[in-house]
Amino acid sequence: MRLSEGEWTVMNALWKRHAASAREVLEAVRAETGWAYTTAKTVLARLAEKGAVKARMRGNTSLYEPLVTRRQARRSAVRSLLERAFDGAVGPFVHFLVTEEGLSRKERDQLLDALRREEETR
């Protein structure tokens, strides 16, 4: 599932709150986005159409809940990036991150630890 930048913003707000009304989402993202209420409602409706959130009624108010986890969304976004920018190859992607993005010593150590753990499970 591909999420637009605005959809990521809304999903991040929902992941923090687990369930929120459109007005609560707007309050959470307005400083960052400058959106009007109708824009927040439109983004929430698009997310519902994609199956990323579900709406349930609480009185007269729709509450929106995420149906996908942050991990699932990240996995999808990374797979999409891999396909588009690296022909689906993970190695060149990791090489790019290490050489072009200036990983800190701590990040490099974490990457090495993850690679070692992965190797041990094989």
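The values are calculated or read from the model by the stated rules, or taken from the named source; none is laboratory data. In this text the structure is predicted, and so the values were computed from the model without any measurement. Here the Cβ positions follow ideal geometry from the backbone for every residue, glycine too, while neighbour counts run over all protein chains shown.
Going by what's in this entry, would R58 be described as of a type outside the set (S, T, N, Q) and in the same structural domain as K16 (by TED's automatic domain parsing)?
Working: of a type outside the set (S, T, N, Q): yes; in the same structural domain as K16 (by TED's automatic domain parsing): yes.
Considered against the rule, which asks whether it is of a type outside the set (S, T, N, Q) and in the same structural domain as K16 (by TED's automatic domain parsing), R58 comes out as yes.
Residues are listed down the side, and each one gets a yes or a no for (1) surrounded by fewer than 18 Cβ atoms within 10 Å (Cβ to Cβ); (2) over 23 Å from A77 (Cβ atoms); (3) touching a Cys at 6+ places or on another chain (Cβ under 8 Å); (4) basic (K, R):
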residue: S4; (1), (2), (3), (4): yes, no, no, no
residue: L14; (1), (2), (3), (4): no, no, no, no
residue: R17; (1), (2), (3), (4): yes, no, no, yes
residue: A20; (1), (2), (3), (4): no, no, no, no
residue: W35; (1), (2), (3), (4): no, no, no, no
residue: T39; (1), (2), (3), (4): yes, no, no, no
residue: T42; (1), (2), (3), (4): yes, no, no, no
residue: R46; (1), (2), (3), (4): yes, no, no, yes
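Need pairs with beta-carbon distance below 8 Å; first residue within 20 Å of A52 (Cβ to Cβ) and within the range 75-87, second of a type in the set (D, E, K, R); sequence gap 6+ or separate chains.
Hits for this filter: S76/R2; A77/R2; S80/R2.
Can you list residue pairs whose Cβ atoms sit under 8 Å apart, with the first residue in the range 89-118 being within 16 Å of V78 (Cβ to Cβ) and the second being outside any helix (DSSP H, G or I)? Count only pairs 6 or more apart in sequence or on different chains.
Taking only residues 6 or more apart or on different chains, the pairs are L97/L103; L111/L103.
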